[in-house]
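Structure record follows, encoded as structure tokens.
Values quoted throughout were computed directly from the atomic coordinates according to the rules given, and no laboratory measurement underlies them. Note that the coordinates shown come from a computational prediction; the quantities given were computed from them, not determined experimentally. Positions of Cβ are generated from backbone atoms using ideal geometry, with glycine treated the same way; all protein chains shown enter the neighbour counts.
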Amino acid sequence: MLERLQNVDRRIIYVLLFIVCFIPMANPIGIPLEVNETTQMVYDIVEGLNPSSDKVLFVMDYSVGGSADVHPQAVAVAKHLAKRGIPTVMVAFVNDGTMFAEQIITSLGDQVVYGTDVINLGYMAGMETAVKAFVEAPKTAFNVDFRGNSVASQPIMANVSSIRDFSFIIDFQTGQPGYQDFLRQLPPGMSYAAGIVTVSVPNVMPYLNSGQLSGLLQGLRGAAEYEVLLREPGEGSARMDAQSMAHVVIIAFILIGNAAYFLSRNKAGGPKA
Amino acid sequence: MRRTIPVLIVSGIGFLLLASYFFNFAIGPTDLDGISSLITNWGVIVAAFAVGLASVNLIRIHSAKVSRRRADWIHSLALLLTMAVFIIVGVYSKHNPDSAGAKALFQNLFDYSYSPFGSAMFAILAFYVASASYRAFRARSFEASLLLVAAVLVMLGNAPIGALIWNKFPVIGNWLLTVINMTGQRGITIGVAIGGFATSMRVLLGFDRGHLGIGD
């Protein structure tokens with residue numbers, strides 16, 4: 001029995017995990033969520049922006065693999081920016097990002113006027129080289145936007161002559177180019193926040209602590225917290241219940257495995273040499 | 001010559017770009033900053049061509065697999081057909097921006113096939129992680145026990161259900177992340193930066209030529 005508990009068939013784990021993820025997705029439980037300080041920082045920055053004078057650079061650097069974690073963050077922040085009427089320039093240095101940008105702009109519907117309130121500049125290849133090229137000349141980096149319109153003729157780009165014309169930069173990313181590439185290329189003193197996948201959160205902490213990052217959205221939880229602040233539940237909140245239950249299952253199996261290990265060790269007469 | 005010219009190009013361009021971060025002076029009709037921007041733009045163009053080259057290479061390899069009926073050739077055929085659909089629809093919609101149908105088709109292909117399949121590929125990892133955690137997190141030693149306890153505390157601190165079980169779990173998880181983890185990560189980041197600097201100098205000075213495909 002103890003041996004079996006230490007070697008549970010992985011298919012049982014897979015099925016249980018699937019069930020505990022599926023049920024809350026179909027029938028949300030509504031586990032209360034406390035908002036993290038780093039999410040509050042991003043929200044406060046957006047709340048403090050002035051619609052008549054401030055512009056935001058919205059960087060879509062995530063691929064489809066990490067989109068389950070990061071896309072709900074981007075949707076929530078885009079909704080907030082649209083609600084406040086903050087002009088938003090979207091750009092991507094990962095090829096999938098530009099398609100997610102179009103998805104978000106379409107979902108905002110009549111809340112935004114393309115070309116005046118929002119623009120999707122498109123994708124630029126080259127990783128950090130592309131980031132450097134864009135930071136040096138944001139207005140001329142793209143001749144046409146993703147939809148084929150001349151960038152210079154768009155009202156939203158009228159007063160953009162340098163990267164410092166963006167009051168706030170938020171970068172949604174799953175890998176490269178990431179926050180390190182931007183922090184190397186941006187001039188000092190710019191307000192820069194990131195939305196990242198949960199597994200990258202430990203790596204980002206030094207940059208947050210030093211003040212190089214003005215805020216951080218931590219994975220799916222960051223999206224759910226932002227939706228709580230917006231008072232508009234969305235994909236993030238819907239999936240957090242499933243994530244919670246999945247955590248419980250994983251922890252339960254870890255504890256069962258360890259309990260069986262210790263009991264079998266005591267039964268065998270103490271630790272082996 | 002075959003080794004020297006590429007090394008000279010790498011060193012010259014590299015030191016020029018490095019110098020532009022510290023100095024700026026006139027060079028002919030332009031200045032160092034202007035030359036640096038020009039080279040950066042060349043880099044973007046080369047990267048764009050590299051993306052195209054990668055696609056051509058992919059087509060070449062998988063076409064050969066299909067034509068010679070090698071193992072799993074049917075998957076290569078699926079890849080080539082999918083690529084063709086995306087390329088045809090994408091190029092058509094790009095050159096016909098007024099065609100709402102083409103634009104909608106390309107977006108729908110991304111939203112309803114590429115994106116869900118890509119997400120699913122990574123979602124499968126969740127099951128592997130669950131199974132691997134169950135097998136790997138055994139308190140066989142002091143260090144393993146420490147890892148186990150830290151992992152459980154951070155998981156419970158991150159999941160909303162942890163706060164429901166005990167309101168101190170988020171506090172403990174956050175402390176582990178922002179104090180213990182951060183100090184370690186800071187050391188790693190500084191070490192990586194110093195190592196990266198040393199490697200960069202080796203490349204710029206021509207001691208390391210692996211990137212040129214000609215070895216040391």
If we count other beta carbons within 10 Å of each Cβ, what is the order of B:Arg70, B:Arg2, fewest first? B:Arg2, B:Arg70
Measuring from the lowest to the highest alpha carbon on each principal axis, how far does region A:55-95 reach, largest first, in angstroms? 31, 19, 8
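What percent do you get for the relative contact order of chain B when only Cα pairs under 8 Å and 6+ apart count?
Numbers: 107 pairs, mean separation 36.1, N = 216.
Relative contact order here is 17 percent.
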Using only the Cα atoms of region B:72-136, what are the Rg and Dmax in Å? 17.2, 56
Counted neighbours (other Cβ, 10 Å), sorted fewest up, put A:Ser191, A:Ser264 in the order A:Ser264, A:Ser191
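Counting other C-beta atoms within 10 Å, which of A:Met127, B:Met155, B:Met201, B:Met1 has the fewest, and how do the rest follow? Please report the intermediate quantities before stating the final value.
Working: A:Met127 18, B:Met155 21, B:Met201 13, B:Met1 5.
By the 10 Å Cβ count, ascending: B:Met1, B:Met201, A:Met127, B:Met155.
Grab the beta carbon distance between A:Ala158 and B:Ile172, set R0 = 51 Å, and tell me the FRET efficiency rounded to 0.05. Intermediate values should be presented prior to the final figure.
Details: r = 50 Å, r/R0 = 0.99.
Efficiency computed from Cβ-Cβ geometry: 0.50.
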Pairs A:Lys139/B:Lys103; A:Lys83/A:Lys139; A:Lys132/B:Lys94; A:Lys55/A:Lys132; A:Lys79/B:Lys103; A:Lys132/B:Lys65: which exceed 28 Å Cα-Cα? A:Lys132/B:Lys65
Expected output is a single nm value to one decimal: the length gained when fully extending between B:Ile165 and B:His95, i.e. 0.36 nm times separation in residues minus the C-alpha distance. What is it? 19.5 nm
Does anyone have the angle between helix A:67-84 and the longest principal axis of chain A? Alpha-carbon axes, 0 to 90°, nearest 10? 40 degrees
Give me the Å³ per residue figure for the convex hull around the C-alpha atoms of the protein assembly as shown. 212 Å³
So for region B:138-204, Kirkwood radius off the Cα pairs, Stokes-Einstein at 25 °C and 0.890 mPa s: how many µm² s⁻¹? 175 µm²/s
Using only Cα atoms, tell me the angle between helix A:219-230 and the longest principal axis of chain A; keep it within 0 to 90° and round to the nearest 10. 60 degrees
Kindly express, to the nearest 10 degrees and within the range 0 to 90, the angle between helix A:97-108's C-alpha long axis and the longest C-alpha principal axis of chain A. 80 degrees
With an 8 Å cut-off on Cα pairs and a minimum separation of 6 or more residues, tell me the relative contact order of region A:210-273 in percent. 19 percent
Quick calc: nm separation of the 7 Å Cα→Cβ label points for B:Ile5 and B:Leu125 -> 4.2 nm
Could you work out the relative contact order of chain A? I mean the mean sequence separation of Cα pairs under 8 Å and 6+ apart, divided by the number of residues, in percent. 28 percent
Quotient of Cα radius of gyration and Kirkwood radius for chain A, i.e. Rg/Rh, equals 1.09
Based on DSSP H assignment, which helices of chain B show an axial Cα extent of at least 18 Å together with a mean Kyte-Doolittle hydropathy greater than or equal to 0.0? B:4-20, B:32-67, B:73-95, B:115-136, B:142-158, B:182-204
Return the whole-Å distance between the Cα centroid of region A:126-152 and the Cα centroid of region B:161-216. 30 Å
Describe numerically, in nm with one decimal, the distance between label points set 7 Å from Cα along Cα→Cβ at B:Leu105 and at A:Ala259. 5.8 nm
